[in-house]
Amino acid sequence: MKPLLLFIKDQNARHNWLTVCEDECFEVESLAQLTQLLGSQSEQQLLFIQINDDVTVNNIIEFAKLGLGIVALSNTPNDAEGIRLFQNGVRGYANTFAAKPRIEQIISTVKAGSIWLGPSIMQAMFASLLQNKLPNNEWQKSLTDREIETTNLVLESMSNREIAEKLGITERTVKAHLRNVFEKLEVTDRLSLVLKIKNWS
């Protein structure tokens, strides 16, 4: 079976997603078919699924508990819904009606093992994390002083450009520091870095 399962009820949106991923996508026609497919899956798959009258956020959370890589698609994305889904294991949250270039980005990002979420949800999650007490500094042991500085600024929700200005270095150097941090702490992106440091799930 193709590695990407696509369950989108809206015809126009489904057409856009299929146009982008037609060689990799298997189109699911119904919730019953999806349940049957998931029961017989033999390998890890990604499921792009639209929240609608038949498929609720709770359904998607249950699918995520099966270990499936889920990207939830919403006609009207909002931060609260997105945060709830991420707290329950989804790998992405996006607008059902995303433009084709954005769909390409979403698919390639999630296939690479990273997560996909909008900037407003990222900011809301960071704000929530920053309200919590900082954990011990065990995570710092394997990092250089500059990597620790860079990571602390990531924890303050600074962009690469802002970090570069603050530390008086180039954005390229910031990216190099972050690559090293990601590798040493065994994470793939900024959000997973923050979640690991804050022990937040």
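Annotations
- Computed from Cα atoms, the angle from the helix 145-155 axis to the main principal axis of the chain rounds to 50 degrees.
- Between helix 171-185 and the chain: long-axis angle, C-alpha atoms, 0 to 90°, nearest 10: 70
- With bins 10 Å wide beginning at 0, the percent of Cα pairs of the chain falling in each bin runs 8, 32, 31, 20, 8, 1.
- Largest to smallest principal axis extent of the C-alpha atoms in the range 152-198, angstrom: 27, 19, 11
- Listed residue pairs exceeding 21 Å between alpha carbons, taken from 9/100; 100/196; 141/184: 100/196
- Shape category assigned to the range 4-116 from the gyration tensor of Cα positions, a/c cut at 1.5: rounded
- The angle separating the long axis of helix 100-111 from the principal Cα axis of greatest extent in the chain is about 70 degrees.
- Approximating the spin labels as points 7 Å out from Cα along Cα→Cβ, the residue 75-to-residue 100 distance works out to 2.4 nm.
We did not get these values from a lab; they are worked out from the coordinates using the rules stated. The structure presented is a predicted model; accordingly, all values stated were derived computationally and were not measured. Every residue, glycine among them, receives a Cβ derived from its backbone with ideal geometry; neighbour counts consider all protein chains shown.
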